[in-house]
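Read the figures in this text as sums done on the coordinates, not as results from a lab. Model, not experiment: these values are computed from the prediction. Here the Cβ positions follow ideal geometry from the backbone for every residue, glycine too, while neighbour counts run over all protein chains shown.
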Amino acid sequence: MQNTYHGSKSREGLIDGFKVSIIGKPNVGKSSLLNALLRYDRAIISNIAGTTRDTIEESLKIGTHLVKFVDTAGIREAQETIEKIGIERSISSIESSDIVIALFDGSQKADEDDQKIIKLLESFKESKEILTAINKNDLTRKFDITMLEAYHPTSISCKDNVQSIIEQLTKFLDEKSDADDLILISKRQIDAVEQALGHIDDSFSFLKDGELELFAYNMNEAIHYIASITTLFERDEILDKMFGSFCLGK
């Protein structure tokens, strides 16, 4: 059950859809990338820095996979309260994402905001799939691409060519869905197994301490959550078989 739970948890995106956050400093082309992926103008595009103040979410099929893209507010040192809130939501979006696409402006030299984003990627590289892209490849390259060597950046133009991003996403999503392990088929089932495992762990502690009533209670709850995954059960019958040898009275 542990293996099934962890395998299902790691591929939860197969059930509810994978979440992909698009991050970068203001005016780097995040909204243009979202529009290019969706193939219509969903996000407002402007030369004014800080246009996106809140996250914008849209779902799209990539191959056979459902993907929720999140266009986030540009990450920089903001002074205005509303923009600060938007940036906080951007970071929160990264934390809840399966995949992060970090976008950099290839036509500009890296600045403090770019450095801040690279540090942010460092903090999430163990827990998230990270894709990096250098935008505006139709302009003269000024960005030092060696800064992103660890992330194998791809070169794109959000105006007309984001195919390399789609190909990387497809490869990752296909690999996630390729395993032959048994997996649960809904978030409700994953949550039920999580609850069952928690009660089983608690029951062992109470059994060691001789607290048989609490042991029985937690095993009872574990049975309830496990049974909720498949079919209804006769609780009294199962408990009689499991605890027939225990004296639970005082």
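Close amide H pairs (under 5 Å, H built 1.01 Å from N) link K25 with I75, residues at least 5 positions away or on another chain. Annotation for E175 and K61: the two label points, set 7 Å from Cα along the Cα-Cβ direction, are 2.5 nm apart. The length gained on full extension between I166 and Y217, counted as 0.36 nm times the residue separation minus their Cα-Cα distance, comes to 13.4 nm.
Modelled this way, with points 7 Å down the Cα-to-C-beta line, the labels at D113 and D209 are 5.4 nm from one another. For V162, V20, the sequence from fewest to most other C-beta atoms within 10 Å is V162, V20.
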